[in-house]
Amino acid sequence: MTLPTYKEMWQQADEVWTRTARAARTLIKVGVATCSRVVGAEETLETLRREVQARRLDADVMLTGCLGLCYAEPLVEVIRPNVPGILYQHMTADKVASLLETAVVADGIAREHALAVMGDKESGGLPSLGSLEFMRGQVRRLMANCGVTDPESIDHYLARGGYEGLVGALRLKPVEVIDEVKKSGLWGRGGAAFSTGLKWEFLYNAKRKPKYLICNADEGDPGSFVNRNLMESDPQLLVEGMIIGGYATEADKGCIYIRDEYPLPVERMELAVAQARERGLVGEGILGSDFSFELEVVRGAGSYVCGDETGLLSSLEDRRGMPKIKPPFPAQAGVFAMPSNINNVESYTNVPLIMRHGADWWAEMGSEKHKGTKMFSLSGQIQRVGILEVPLGTPTSDVVMRMGGGPPKGRKLKAVQPGGPLSGVIPASDVDIPLEPDPYRERGVLMGSGGLVILDDTNCIVDLCVYFEWFAEDESCGRCTTCFAGTRRMLEILRRISSGRGRLADLELIKLLGSIAQNANCFHGQGAPTAVMSMFRFFEGELLEHVERKRCPAKVCRGLVRYEVLHHSDRLPAAEAICPTNAVVRDNGTYRIDQLKCIKCDACREQAPYAIAVVDEFAPA
Ligand SMILES: Cc1cc2nc3c(=O)[nH]c(=O)nc-3n(C[C@H](O)[C@H](O)[C@H](O)COP(=O)(O)O)c2cc1C
Ligand code: SF4
Ligand code: SF4
């Protein structure tokens with residue numbers, strides 16, 4: 001079989017893309033990714049396909065990835081010939097018929113669901129997508145294809161400049177590719193912020209064969225979903241980044257290790273690798289060169305510490321996902337004791353852009369010290385949950401308060417957790433600091449891999465630490481006593497404090513456990529006390545309220561609150577009906593809570609929020 005050249009591939013792809021992007025008939029795009037799937041995007045897509053066919057409409061329906069506006073999903077874009085597309089939000093399947101009637105048959109705008117006009121110009125009384133608060137200030141380089149192209153089409157990727165970076169790299173020597181990556185200043189986006197070019201040099205210099213290039217797509221931090229979006233919305237970008245990495249490091253085989261809880265990324269990455277192989281971009285003699293590189297997708301083992309690079313190596317070897325002891329480092333003896341390199345998804349996906357446009361172009365974005373853009377996911381107590389891409393150094397407040405809209409109306413920002421349970425938190429008073437590693441590090445916090453979780457005044461800092469410590473204890477692999485027993489001991493103490501039995505001596509014990517944890521083997525154990533240390537540093541007053549006055553100011557810690565009926569309301573019978581323990585009691589026409597029966601599940605207050613309140617358990621009468 002003769003494989004096409006890059007030019008032939010591009011020409012064929014361009015025809016496919018032109019037919020889509022400048023179509024003579026209506027094009028309807030539906031974003032299907034994990035975030036939209038859970039609110040019914042697949043049903044929307046199926047219904048649209050069925051209805052367009054049944055009504056014999058002059059329109060095509062196309063699958064696309066996630067634009068990052070998760071708060072508005074399912075999103076549907078309707079593009080009439082020769083006019084910019086209109087983006088419709090919350091388009092569940094039941095709204096499809098009326099959308100088609102108004103936006104396609106009548107050639108109008110379905111205003112009640114219209115969010116924006118695509119591009120930067122307002123039109124028809126609708127704002128442009130670029131002018132939405134969520135989008136203003138974003139620089140979409142990695143996300144350029146997300147929600148724009150069909151993630152299952154290699155042609156769409158090729159037509160928009162895909163694999164140009166690989167073609168450029170193959171014209172250089174491997175060391176020259178590494179030099180370009182080093183020159184860009186790209187550092188690993190997985191949390192440790194170590195130079196990607198330098199890591200590649202370590203593997204290049206390792207001479208034992210075979211050499212392995214591994215992608216860490218475990219993304220286990222609760223609240224992080226940037227890697228997921230890249231794999232679901234533009235999987236070829238990762239394939240290209242890994243092939244370039246394979247060429248630069250002279251690796252023989254690549255492996256994309258994806259967490260088991262990510263079925264859609266697994267599906268789309270497997271398809272992307274298969275399509276790349278079909279076109280001669282993976283396998284023997286890539287693009288007619290003498291460079292060969294195999295690439296495989298591997299499902300993870302469902303454990304948080306498999307995200308640690310050496311835990312991942314153990315898991316790849318079919319062993320228990322236990323982080324190894326370093327040295328030896330992966331470049332010396334990685335998977336199957338052979339030289340290996342591990343990078344995060346976002347690290348690899350930056351490389352095609354560096355090779356396509358050059359390191360200087362790439363480094364134009366970012367701060368003085370930290371170059372490039374960075375993707376962040378927003379979740380927790382925030383109005384606009386989503387995924388965005390901004391230059392490194394953008395103020396955290398710009399992303400959280402303006403783009404994300406801050407906490408729900410009437411609530412106050414309390415803290416931001418930037419990078420998972422091991423990262424710690426910054427208080428609201430520091431929310432203006434730039435999103436780059438140093439200002440976070442100065443506050444004893446890690447910027448991490450990009451999962452921003454927002455906390456407001458309804459969250460309790462002690463309760464949060466209980467959760468993080470429980471998570472750390474539950475996910476510990478069990479190798480080090482300082483980690484598996486240290487986190488358990490810390491959890492016991494924190495639970496004691498949150499249940500009202502805390503004592504001042506506990507605070508010293510927590511600090512002692514925090515310093516002992518530094519002797520753990522991997523960063524899971526070492527980082528486990530970070531959130532607790534943030535609590536001491538920024539929220540000591542709230543902690544002391546729990547310990548000394550037995551009060552939880554946010555009224556969250558169950559041992560420190562009770563439920564009371566404070567007012568009469570006609571919602572009280574509903575509260576009585578829903579209580580699982582019959583603790584809402586009616587005596588002579590008035591209601592009260594039987595404290596011995598109440599398990600503090602909050603169901604009654606949700607039914608009768610005016611009548612039932614959460615009060616301090618130990619407040620003076
Ligand atoms: C407990 C633990 C979990 C981790 N989880 C991830 C993860 O899910 N994804 C990731 O890229 N890095 C994770 N890391 C960091 C990796 O060990 C490693 O630094 C990273 O994959 C290197 O890639 P980079 O240089 O491109 O950032 C984790 C580290 C620890 C200690
Ligand atoms: S620090 Fe914890 S997760 Fe890491 S090797 Fe030790 S026990 Fe395992
Ligand atoms: S908090 Fe739960 S258990 Fe307690 S009274 Fe209300 S519904 Fe019943």
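The values are calculated or read from the model by the stated rules, or taken from the named source; none is laboratory data. Everything numeric in this text was worked out from a predicted model, so none of it was measured. All Cβ positions, glycine included, derive from the backbone under ideal geometry; neighbour counts span all protein chains shown. Note: accessible area is taken over every heavy atom of the protein model, side chains too, but ligands, DNA and RNA are not part of it. Shrake-Rupley method; radii C 1.70, N 1.55, O 1.52, S 1.80 Å.
For region 35-54, the set of residues classified as of a type outside the set (Lys, Arg), open to solvent by 40 Å² or more (accessible area, probe 1.4 Å) and closer than 24 Å to Met231 by Cβ consists of Val38, Val39, Glu42, Glu43, Glu46, listed by residue number. Among the residues of region 71-85, those identified as open to solvent by 20 Å² or more (accessible area, probe 1.4 Å) and either of a type in the set (A, V, I, L, M) or closer than 23 Å to Gly450 by Cα (or both) are Tyr71, Ile79, Val83. Do we find that Ser340 is of a type in the set (S, T, N, Q), under 28 Å from Leu170 (Cβ atoms), open to solvent by 10 Å² or more (accessible area, probe 1.4 Å) and away from ligand 2 (no atom under 16 Å from the Cβ) in this structure? Considered against the rule, which asks whether it is of a type in the set (S, T, N, Q), under 28 Å from Leu170 (Cβ atoms), open to solvent by 10 Å² or more (accessible area, probe 1.4 Å) and away from ligand 2 (no atom under 16 Å from the Cβ), Ser340 comes out as no.
When Ser377 is tested against (1) among the hydroxyl-bearing types (Ser, Thr, Tyr); (2) in the same structural domain as Gly450 (by TED's automatic domain parsing); (3) in a helix (DSSP H, G or I), only condition (3) is not met. On inspection, Glu346 does not qualify as outside any helix (DSSP H, G or I), of a type outside the set (Phe, Trp, Tyr) and either open to solvent by 20 Å² or more (accessible area, probe 1.4 Å) or within 16 Å of Asn216 (Cβ to Cβ) (or both). Listed conditions (1) farther than 13 Å from Ile154 by Cβ; (2) touching a helix residue (DSSP H, G or I) at 6+ places or on another chain (Cβ under 6 Å) are all met by Ala276, apart from (1).
Selection within region 214-233: residues that are closer than 24 Å to Ala41 by Cβ and part of a loop (DSSP other than H, G, I, E, B). The member of this set that is most open to solvent (accessible area, probe 1.4 Å) is Pro222.
Sort out which residues of region 528-577 are small (Gly, Ala, Ser), closer than 30 Å to Ser515 by Cα and modelled with pLDDT of 95 or more, and write them in order of number.
Within region 528-577, Ala528, Ala531, Ser534, Gly541, Ala554 meet the criteria.
The number of residues in region 278-321 that are without any contact (Cβ under 8 Å) to a residue 40 or more places away in the chain, in a loop (DSSP other than H, G, I, E, B) and either in contact with an Asp or Glu (Cβ under 6 Å, 6 or more places away or on another chain) or at positive phi (or both) comes to 2.
Going by the structure shown, is Leu57 more than 14 Å from Leu87 (Cα to Cα) and crowded, with 19+ Cβ neighbours inside 10 Å?
When the stated conditions are applied, Leu57 does not pass them.
In summary, Gln236 fulfils each of the numbered conditions (1) over 30 Å from Ile454 (Cα atoms); (2) open to solvent by 10 Å² or more (accessible area, probe 1.4 Å) with the single exception of condition (2). Quickly run through region 524-579 and pick out the residues that are on the phi > 0 side of the Ramachandran plot and within 16 Å of ligand 3 (Cβ to nearest atom). Result: Lys555, single match.
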